[in-house]
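Every number in this text was worked out from the coordinates using simple rules, so none of it is lab data. Keep in mind the model is a prediction, meaning the values are calculated, not measured. Note that each Cβ is placed from the backbone with ideal geometry, even for glycine, and that neighbours are counted across all protein chains shown.
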Amino acid sequence: MEQTAGRGRQGRGWITRPGNFFGSAMVNIAAGDPPPQSLSLAAGLALIEAVDIAAPELPLLLKWPNDLLLDGAKLAGILLERQNDRVVVGFGVNLAGAPDLPDRPAAHLGGRISPHAFAPLLAASMGRLLELWRTSEPAAFARAWLARAHAPGTELNVHSADAQALSGYFDGIDPDGTLRLRLADGTVRAIHAADVTLG
């Protein structure tokens, strides 16, 4: 497989290497479903579960809104794009190699699993987590995501699409997936969409 025009958040390119995984899932939003933006929580939990199965006992962490980290370096990314009542959930996972990123370290799994073997693991996890997303209390689902994420109090640098920059501390997430950023003066800002790096 080859990808020639991968996309990341805020218009970035997504660079893949031979032996890496890239794939998408289509989710139809139905009446009564949780807020569509909280699908990022289901996707993150599905991804970390699949990598846990493929390469057990690695120090993995979810980072809001859409990254999977290995030892603090980016191992995988998720991109959600919505049109009407359909959401495309795109996954890119560095299974065999990692690009040189200008703004953050990247990691890979060293080819422990092939893309063809990883795909059914991720599909099964996504199917299971999608069902849980639809049937669980949103607050409980958010707690499950938090249990696999960086700890509250982690220093964050937040850059929004309009180039606003904020620094503060991770104060958790709301049930709909909104980031809570605690500023130095103790106030908490709700962040709905932004690029985040660990401080």
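Per residue, the average separation of C-alpha pairs within less than 8 Å and at least 6 apart gives the chain a relative contact order of 22 percent.
Summing -39500 (n - 2.57) over the DSSP H runs of n ≥ 4 in the chain and dividing by its residue number, what mean residue ellipticity at 222 nm do you reach, to the nearest 500 deg cm²/dmol?
Numbers: 3 runs with 46 residues, N = 199.
Counting only the DSSP helices, I get -7500 deg cm²/dmol.
Among 151, 46, 184, the residue with the largest mean-square fluctuation in a Gaussian network model of the chain, with springs joining Cα atoms closer than 10 Å, is 184. Alpha-carbon geometry of segment 6-146: the Rg and the Dmax are 14.5, 42 Å, given in that order. Looking at segment 85-180, none of the chymotrypsin sites (Phe, Trp or Tyr not before Pro) sits in a DSSP loop with at most 10 other Cβ atoms within 10 Å of its own Cβ.
Per residue, how big is the convex hull of segment 155-198 when only Cα atoms are used? Give it in Å³.
Once divided by residue count, the hull of segment 155-198 is 63 Å³.
Residues considered: 30, 73, 107. Largest GNM mean-square fluctuation over the chain, using C-alpha springs under 10 Å, is found at 30. Sorting 62-68, 108-114, 23-29, 48-54 by average packing, meaning the other beta carbons within 10 Å per residue, from highest down gives 62-68, 48-54, 108-114, 23-29. Screening the chain for whole DSSP H helices with an alpha carbon extent of at least 15 angstrom along the helix axis and a mean Kyte-Doolittle hydropathy of at least 0.0 yields 39-54, 115-135.
In this simple spin-label approximation, residue 88 and residue 189 carry label points 7 Å from Cα along the Cα→Cβ vector, and these lie 3.1 nm apart. Between 177, 186, 153, the GNM of the chain built on Cα springs shorter than 10 angstrom shows 186 fluctuating the most. Relative to one another, the C-alpha centroids of segment 98-116 and segment 131-179 are positioned 24 Å apart.
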